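Q: I have a structure I would like to understand better, so I am pasting it below and will then ask my questions one at a time.
Nothing in this text is a laboratory measurement; each read-out follows from the coordinates by a stated rule. Just so we're clear, the structure is a prediction, and the values are computed from it rather than from any experiment.
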Amino acid sequence: MLCATRPRCRVHFQRKAPAPAGKSGRRVVPAFIATAFARETAEAASTQWRAVADQIRPKVPKPAYILDDAEHGVLACMIFSRKFRARLHSTNPIERLKKEVKHRSDVAGIFPNEEAVI
C-alpha cells in the first residue's frame, strides 16, 4: 500500500532540496539523502531519512524541514523490490504519458465516445 498522496521524483527532489542550504550544503545534503535510497527496506530508508534530517537540522534547518515534509512522497517507491525501484523512483514516465495524452487530445479536438479516448 502506498502511503504517499503524491509520489515525488527522487531525482528532482535531490536537485531542489539543497538549494536553501546555501553553498556549504549543496553537496552535503544530496549525499546524505542518497544514503536513505541505498537501504534495502522501506522502514530502513525511512529511519535513515529521519536520521539525515536530524543530523542536518542544527546547521541547515530549512532543508531538514523540507525532508520532513517530503518523506512519504519521495520514499514511496521503496516499498517495491529493488529491481522495480529503478523504474519507479522518477515521475518522468508519468509526466511523459500525460504530455502525450494532452498532445493527442489536442490533435483530435473532441472525442465522440469513450472508446475513441482509449
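Q: Straight-line reach from Lys23: which lysines have Cα under 22 Å away, leaving out those fewer than 8 places along the same chain?
A: Lys59, Lys62
Q: In deg cm²/dmol and to the nearest 500, what is the mean residue ellipticity at 222 nm of the chain if only DSSP H runs of at least 4 residues count, each as -39500 (n - 2.57), divided by the residue total?
A: For the chain, the value works out to -19000 deg cm²/dmol.
Q: Below 16 Å, Cα to Cα, which aspartates and glutamates can Lys83 reach? Residues fewer than 8 away in the same chain don't count.
A: Glu40
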